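The values are calculated or read from the model by the stated rules, or taken from the named source; none is laboratory data. Quantities reported herein were computed from a predicted structural model and do not represent experimental measurements. Counting neighbours? That spans all protein chains shown, and the Cβs are built from the backbone with ideal geometry, glycine included.
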């Protein structure tokens, strides 16, 4: 595989040439120093890749000639991460790792214990940064699928309205939380096959409040233990996604 990857969503279904955006051109030519004649894999984040030759190494409008397309096999399972907004740049780090693991959707949540409060303008700027973080991670790890990153939304309405999932999980430190393996086995037996669409909710620093946990359970979320230790929210998110992805892939 080529060491050079770039992102583009062309208007044509079967393009013969691809023109990169200014940002993608700059990253490919100025940052990665790709030159005319170089092989570049261009992907659209929706499973399609084009093996290309860079024919115009412009820093503002790089042009590539398509040699041939290839389509990635669809994932056997879909994992959505509903993540309560943490402090600082931690959300960007979570999004990067979630992209590497293969999450299909990321939903930032505003919870009672969320310490960061964003107005509409700041929320939009943050969303742009999150999408950039996902794109950079996809380039680095070779993931042809970009996760959909939804706008920030309040936790309670989201928990109450989450639909269309085979299984909904919430990380929990409360007594009575089950192991992931137990819940996956139970749900697989009930469905007759492993869950194909799974939603996992992870709380902020200090975890979800008792009232939020109550809402989650009333909405059909299964409380899952991540072990006896209290994990930082970014550790919890990556641990949860990793174990879930492994279990679903192995089933």
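Of everything in the range 116-150, what is surrounded by fewer than 18 Cβ atoms within 10 Å (Cβ to Cβ), within 17 Å of residue 104 (Cβ to Cβ) and in contact with a helix residue (DSSP H, G or I) (Cβ under 8 Å, 6 or more places away or on another chain)? Give them in sequence order.
The answer is 141, and nothing else.
Quick check: is even one residue across the range 80-89 out of contact with any helix residue (DSSP H, G or I) (no Cβ under 6 Å at 6 or more places or on another chain), assigned to a loop (DSSP other than H, G, I, E, B) and not assigned by TED's automatic domain parsing to the domain that holds residue 107?
So far as the range 80-89 goes, no, none of its residues is out of contact with any helix residue (DSSP H, G or I) (no Cβ under 6 Å at 6 or more places or on another chain), assigned to a loop (DSSP other than H, G, I, E, B) and not assigned by TED's automatic domain parsing to the domain that holds residue 107.
Provide a single number: the residues in the range 15-34 that are out of contact with any strand residue (DSSP E or B) (no Cβ under 7 Å at 6 or more places or on another chain), part of a loop (DSSP other than H, G, I, E, B) and on the phi < 0 side of the Ramachandran plot. Break it down into steps so the answer makes sense when it comes.
Filtering the range 15-34 down to residues out of contact with any strand residue (DSSP E or B) (no Cβ under 7 Å at 6 or more places or on another chain) leaves 21-23, 25-27, 29-33.
Subset that is part of a loop (DSSP other than H, G, I, E, B): 21, 32-33.
Now drop any that are not on the phi < 0 side of the Ramachandran plot, which leaves 21, 32.
The qualifying residues number 2.
Which is buried (at least 21 other Cβ atoms within 10 Å of the Cβ), at pLDDT 95 or above and more than 19 Å from residue 102 (Cα to Cα), of 199, 169, 159? Quick ask: steps written out before the conclusion?
On the way: 199 fails: more than 19 Å from residue 102 (Cα to Cα); 169 fails: more than 19 Å from residue 102 (Cα to Cα).
Within the list 199, 169, 159, the selection yields 159.
Is at least one residue of the range 188-202 in contact (Cβ under 8 Å) with a residue 12 or more places away in the chain and part of a helix (DSSP H, G or I)? Let's see the steps before the verdict.
As a first pass, look at the range 188-202 and keep what is in contact (Cβ under 8 Å) with a residue 12 or more places away in the chain: 188, 191, 194-202.
Still in the running and part of a helix (DSSP H, G or I): 188, 191.
Yes, some residue in the range 188-202 is in contact (Cβ under 8 Å) with a residue 12 or more places away in the chain and part of a helix (DSSP H, G or I).
Of the numbered conditions (1) outside the structural domain of residue 44 (by TED's automatic domain parsing); (2) more than 15 Å from residue 152 (Cβ to Cβ); (3) at pLDDT 95 or above, residue 95 satisfies every one except a single condition; which is it?
Here residue 95 clears every test but (2).
Quick one: which residue in 160, 112, 131 is in contact (Cβ under 8 Å) with a residue 40 or more places away in the chain and part of a helix (DSSP H, G or I)?
160
Only one of (1) touching a residue at least 60 places away in the same chain (Cβ under 8 Å); (2) in contact with a strand residue (DSSP E or B) (Cβ under 8 Å, 6 or more places away or on another chain); (3) within 30 Å of residue 3 (Cα to Cα); (4) not in a loop (DSSP other than H, G, I, E, B) is not met by residue 97, so which one is it?
All conditions are met except number (2).
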